[in-house]
Amino acid sequence: MKKFWENPANATVVPQGARVPDSLQIGNVRIAPATILAPMAGVTDTVFRRFIRNASFVRPPGEIMSAPDEQSAMAAQEISGCGLLMTEFTSADGLFRTRESKRKRYLTFYEDEHPISAQLFGSDPYTLAESAKIVEDAGFDLVDLNLGCPAKRVVKCNGGSGLLKDLPVIGTIFEAVRSAVKIPFTVKFRLGWDDDNIVFVPLARMAEDCGLNAVALHARTREQGYSGNARWEWIAAVKDAIRIPVIGNGDIRTPEDAVAMVAQTRCDGVMIGRMAASNPWIFRQIRQHAETGIYAQPTEADRYEMIRTYFKMLVDESMHGSPGKMKQFVAWFTHGIPNGGALRRACYDAHTGPAILASVEKFFEELLSGNHVSAPDVSGQPEMELLPACD
C-alpha cells in the first residue's frame, strides 16, 4: 500500500475568494469551522483528539498543555481550527456486550473535546441501535456509522466497506439507529466496493430518506484502499443528489487542497485524516488561510513542542506511557525533519514511554542548539507503518 504522500495529488486550483465554510450545521450541532478530524483506528483516541484540539504553534519554554476543563473548550477550538472531533471506530458488538464498568475505555472523552462524534461499525441493526443509545447516554454530540473501512478483518465480519455490497441491510441499520437516538446520526462511506459496484449516490439518498443528518464520502472504492487519487467529482455528485450536508474526504494535504475541494464539489465541510497525523497544524493552517490568505509553516521548534507535548500526554495517561503508539507516531511526526532517522532509531530501540520521551528531548535539544546529529544506518530496520488504519 502506498504512503499517502506518494499518491498522485489532485490538481489544486483555488478560485479567487474560495474558502472552507466558517460553519456547518448537523442537526442541532453547530460545527465551526467546517473542518472535521476523521476517525482513525489506533489513532484518534482521547489523547490524540485533545492534542489536535489544542494544536498551536510553538509555546513559551516549559509551557505544556494541561488537563482540560469546560471553560477551555471554545478557546481550544479557536486555537486549532478543528470544528469536530471523531473517535476511533468502535465495534458495536464489543460495546454492546462489554460491561458498563469497562465501557469507559472505549468512550472516554473530556469537556474540551465537544463537539465530538462516536463512530461505530457492525452489521447487526439491533446491536448498532443499542450501541448508539450507549453513545448518546455517554454524552456524545453525534453518532456515526462506518461504511468505509477497507481492512480485511473488518470486511470479513461484514462491517465497514463490506456492507457496501448489501444496501437493503444498510437501510435497515439506518432505520434502527435513527429510531433509537435523538442526537444527530451521520454516515461515512466510500464510492462502492469496486468500479463495477458503485453505490454512493443511492446510498446517500437512502441516508437522507431515513432521516440521517449528514453524510461523509471518502471518494475512493474499497478496492482502491488509499491508492491513486480520490475522485472529488463524485463528492459533487452526492451534493447534487441530496439536501442534507455533504462532507468531503480524501487527499487533503494542504489548506489549498481543502479550499479546492470545496470549490470543485460545493461540499459543506472537509474531513482530514492521515495528514493530521503528520501535520497536526493542518486545521489551524486552513483557518489562517481562510482569514488571511496565508498560513504559518511549522519550524523545528514547533515540531519539537508538538512531539514532546504529545508524548508527555501519553506518558501522563499511563505510568509507562504507550511505547508502541509512540514509535508509530514518531515516524509521522519526524517526516521531513533533518536527520529524523537518528530519532526514529533511538525511539525504536527504547523500551518505555519515558525512555522514548528522553530520546526526543535529547535529539531536539542537540538539533536546535546546532550540534550535528548523525543518522545511523537503518537499512536493516523494519519500516514503521506510516498509514493510520481506516480514515
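The values are calculated or read from the model by the stated rules, or taken from the named source; none is laboratory data. No experiment lies behind these values; they were computed from the predicted model shown. Neighbour counts are summed over all protein chains in view; Cβ atoms, including those assigned to glycine, are modelled from backbone coordinates with ideal geometry.
General remarks:
- The criterion of at least 2 residues that are modelled with pLDDT of 90 or more and more than 27 Å from Arg53 (Cβ to Cβ) is met by the following helices (runs of 4 or more DSSP H) wholly inside region 297-391: 340-349, 353-369.
- If you go through region 92-133 and pick out every residue that is closer than 28 Å to Pro280 by Cβ, of a type outside the set (D, E, K, R) and either free of Cβ contacts under 8 Å to residues at least 60 places away in the same chain or part of a loop (DSSP other than H, G, I, E, B) (or both), you end up with 11.
- All conditions but one from (1) touching a strand residue (DSSP E or B) at 6+ places or on another chain (Cβ under 7 Å); (2) closer than 20 Å to Phe89 by Cα; (3) part of a helix (DSSP H, G or I) apply to Arg220; the one that does not is (3).
- In the set (1) more than 30 Å from Glu365 (Cα to Cα); (2) polar (S, T, N, Q); (3) not in a loop (DSSP other than H, G, I, E, B), Asn229 fails one condition alone, (3).
- So Leu163, is it of a type in the set (A, V, I, L, M), under 22 Å from Ala230 (Cα atoms) and at pLDDT 95 or above: no
- Top-ranked residue of region 271-291 - restricted to ones that are under 11 Å from the mean Cα position of the chain (by Cα) and among the aliphatic types (A, V, I, L, M), ranked as surrounded by the fewest Cβ atoms within 10 Å (Cβ to Cβ): Met275
- Of all residues in region 179-215, exactly one satisfies the criterion of being hydroxyl-bearing (Ser, Thr, Tyr) and touching a strand residue (DSSP E or B) at 6+ places or on another chain (Cβ under 6 Å), namely Thr186.
- Pairs linking a residue in region 13-30 that is closer than 18 Å to Ala290 by Cβ and of a type in the set (Lys, Arg) to a residue that is buried (at least 18 other Cβ atoms within 10 Å of the Cβ) and at pLDDT 95 or above, with Cβ atoms under 7 Å and 6 or more positions apart or on different chains, are Arg19/Val259.
- Thr98 being modelled with pLDDT of 80 or more, in contact with a Pro (Cβ under 8 Å, 6 or more places away or on another chain) and polar (S, T, N, Q): no
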